[in-house]
Every structure is written in C-alpha cells, then in structure tokens.
Amino acid sequence: MIWHIAVVVAILATGCDLYFRSRTLRRERARGRRDELTRLENRRAFYELAGREFERARRYQHPFTIAYFDLDDFREVSRLFPHQVGDEMLRLVAAAARHSVRASDVVARLGGDQFALLLAEAGTEAAGAAVKKLQQTLQELSEATGLPLTVSGGVVTCLQPAESLEAAIGAADRLLHGAKAAGRDTFWSEVIMPQPIEGFEPTRLRRAYRVPPGFDMPMPPPRDRPG
C-alpha cells in the first residue's frame, strides 16, 4: 500500500515538474517574440508571420498589405531629451498603431523607431483607412501630450502576389525612405495588381496618404522596366 502511494506521489511530482517546465518554456518563447518596451511583436515574429501570410495569399489569391513606418525626427528628439521621452513616444506610437488596425492584423516593432504592419486580406481601401486612422490617432495624442508624434512610411498592397516576400518588404522600405525625403507625416504607397496580358510585369500604382486629405504630395518616381 505504501509503495502505491509512493508511486502516485512520484507521478504527480513528475507531472507538476513537466507542467511548470512547459509553462516556463512558453513564457520564454513568448519573450523571444515580443518587444520588451512596446509589447508588440518583434522583428523575428513579424517576418515569420509575414512569411506565412505571403504563402497563404499566394495559395488562395487573397490580397494583403505590408507597411513600414518610423517616427519623424526621432534622432533629434533622442539627442535633445532624456531617453524616457523617446521611450514614451515609442509606446504611444505602438498603442496608436494597435488601435488603428483589426485584431487579426500584426503590428511589430522592428527595432529603434521603426515599425511594421501586416494587414491580412487588406486591399487598397482597407490599407488607406488604417494609415489615415494611425495618422489621426497620433495627431490627437500629440495635441494631448505635446510630443511630436508624426510618422512617415511606405505601404505595399499586393492584389497579385509579389515576386517574393523579400520584394514586397524591399518595396515598402524604399517607399518609406522616399516618403521621409518628401516631408513629415507622409506615406507613399504602391499597389501590385494583375495585368490582363500574360508575361508582362505586374502593374504598380503609387499614391500618397496624408492628413489632412487632399494635400498634394510629390509621387515616387516610376520604376524603370527591364530592357
């Protein structure tokens, strides 16, 4: 009888040990995918999720959007003010971005003041609405806090799958740099859409988002077609 009790106790102890080890492992994995400051997905998690969404969109011919953006003049703010101010700005941007998209979308901090959005099954209208909501939310937070909270970025919407995920991300990064060169609180966008004639490069349309709507912005230069 005593040995039966000993066996049961040993089994329970082993089960408890495995449970706590499993919970600790899950926490460690979660920490490895989260940015500590903003509690958003980190770079590693974003690229993993973007890769899955890219393959799903290609398989089922669904649209999706990737956006890169960062804070305007953040280096200057970091130079002039204590780092706590910069940290608070990053947290506010993270909260505004999370508020501006659906629960199914992904918001990530890639590092420094650079952020990314992954909008599953989002076409041009949904992408534009998310960007404008982000800008408006930041404008309200800026008025409430007195902090310079504007962001600029690049948006790539794939109505037809891009050549690769790297190509879509590269396009978003290039558009980000172009938008920042054009001015503050500016987004440039590119739409990759199918053409009816097979064998031609996918059509790429470019637009600019800005608050208030209707403000004329310079457009990105057209891409050179291969000869």
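Here is how the numbers come out for the structure above:
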quantity: Burial ranking of peptide ranges 75-85, 121-131 (average Cβ count within 10 Å, highest at the top); calculated: 121-131, 75-85
quantity: Cα Rg, Dmax, segment 38-149, angstrom units; calculated: 14.8, 49
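Every number in this text was worked out from the coordinates using simple rules, so none of it is lab data. Quick caveat, the model's predicted, so the values are computed rather than measured. FYI the Cβ positions are ideal-geometry reconstructions off the backbone, even for glycines, and counts take in every protein chain you see.
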